[in-house]
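Read the structure below first, then the notes.
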Amino acid sequence: MAGEELEILKGINLEIKSGESVAIVGASGSGKSTLLGLLAGLDQASGGRVVIGGTDLGQLDEDGRALFRGREIGFVFQSFQLLPALTALENVMLPLELQGEGDARAQAENFLQRVELGPRMTHYPRQLSGGEQQRVAIARAFAARPRILFADEPTGNLDTRTGGHIVDLLFELNREEGTTLVLVTHDRSLADRCERCLTLEAGALVSP
């Protein structure tokens, strides 16, 4: 019916520790991406609270949440979300420059080297394979040294071999940087590599 309220998530009570790696799994339509969007401050819940490092995201306006995300949160999307008019290096530099980092170029170059894309820094997204584009996205996410990294189906558009390399890279940087990693995936083998796996069914959390 028109105007009827749709309840997507139901009674979610969740705590994630600093530095932990957590997978969120469930069937399509179970609410995984919605939960990720709420945790990242991309969406606002109609009820309840999302608190990251003592900051209640519900108490921030849209600009405040954007500033908080820029300082504290990194993203890796299934569709890469690279800007086509910028080179790999420029894509990684951009969020650093927006934060006013004085050594944005050096930081971007460092992380592109770490994801083995040193020779591809000046290439545009259209000149890169899917796996290379995802590595740029990972470098961009980690370069700002976020407190928490959210990944939404990070290997969904990649072949098995390339996806395996991307997964290794995510967990390697997670360990090295001490970044909290929260990922949504349909891939059970990927979920099993996380310290904890949460299952959503019809918007409800069915495993601790």
_Restricting to segment 65-100, name every residue that is open to solvent by 30 Å² or more (accessible area, probe 1.4 Å) and on the phi > 0 side of the Ramachandran plot._
Q81, G100
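Within segment 111-124, is even one residue among the aromatic types (F, W, Y) and touching a helix residue (DSSP H, G or I) at 6+ places or on another chain (Cβ under 6 Å)?
First pass over segment 111-124, keeping only residues among the aromatic types (F, W, Y): 111, 124.
Filter once more, keeping what is touching a helix residue (DSSP H, G or I) at 6+ places or on another chain (Cβ under 6 Å): 111.
Yes: one or more hits.
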*asked:* So, in segment 42-67, how many residues would count as being at pLDDT below 85 and touching a Lys or Arg at 6+ places or on another chain (Cβ under 7 Å)?
replied: 0
*Do any residues in segment 89-101 that are farther than 17 Å from A66 by Cα have Cβ atoms under 8 Å from those of residues that are among the charged types (D, E, K, R) and open to solvent by 70 Å² or more (accessible area, probe 1.4 Å), where the two are at least six apart or on different chains, and which pairs are they?*
L89/R105; M93/R105
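Before we move on, is L170 out of contact with any Pro (no Cβ under 7 Å at 6 or more places or on another chain), closer than 23 Å to I24 by Cβ and aliphatic (A, V, I, L, M)?
Working: out of contact with any Pro (no Cβ under 7 Å at 6 or more places or on another chain): no; closer than 23 Å to I24 by Cβ: yes; aliphatic (A, V, I, L, M): yes.
Judged against the criteria, L170 is not a match.
Could we say that V167 is modelled with pLDDT of 90 or more, within 28 Å of L86 (Cα to Cα) and aliphatic (A, V, I, L, M) here?
On the way: modelled with pLDDT of 90 or more: no; within 28 Å of L86 (Cα to Cα): yes; aliphatic (A, V, I, L, M): yes.
When the stated conditions are applied, V167 does not pass them.
Mind listing whichever residues of segment 172-208 are more than 25 Å from N13 (Cβ to Cβ) and open to solvent by less than 10 Å² (accessible area, probe 1.4 Å)?
We begin by selecting, within segment 172-208, every residue more than 25 Å from N13 (Cβ to Cβ); these are 172-173, 175-178, 187, 189.
Listed by number, the list holds a single entry, L173.
For G54, indicate whether it is on the phi > 0 side of the Ramachandran plot and either in contact (Cβ under 8 Å) with a residue 60 or more places away in the chain or hydroxyl-bearing (S, T, Y) (or both). Explain how you work it out, then say what you get.
Details: on the phi > 0 side of the Ramachandran plot: yes; either in contact (Cβ under 8 Å) with a residue 60 or more places away in the chain or hydroxyl-bearing (S, T, Y) (or both): no.
Criteria not met by G54.
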*Please go through segment 20-32 and pick out each residue that is open to solvent by less than 30 Å² (accessible area, probe 1.4 Å) and among the small types (G, A, S).*
S21, A23, G26, S30, G31
_For segment 118-131: of the residues being in contact (Cβ under 8 Å) with a residue 12 or more places away in the chain and either out of contact with any Pro (no Cβ under 9 Å at 6 or more places or on another chain) or at positive phi (or both), which is surrounded by the fewest Cβ atoms within 10 Å (Cβ to Cβ)?_
T122
*For L60, state whether it is free of Cβ contacts under 8 Å to residues at least 40 places away in the same chain and farther than 12 Å from A143 by Cβ.*
yes
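The values are calculated or read from the model by the stated rules, or taken from the named source; none is laboratory data. It should be emphasised that the depicted structure is a prediction, and the values quoted were computed from it without experimental measurement. Positions of Cβ are generated from backbone atoms using ideal geometry, with glycine treated the same way; all protein chains shown enter the neighbour counts. Note: accessible area is taken over every heavy atom of the protein model, side chains too, but ligands, DNA and RNA are not part of it. Shrake-Rupley method; radii C 1.70, N 1.55, O 1.52, S 1.80 Å.
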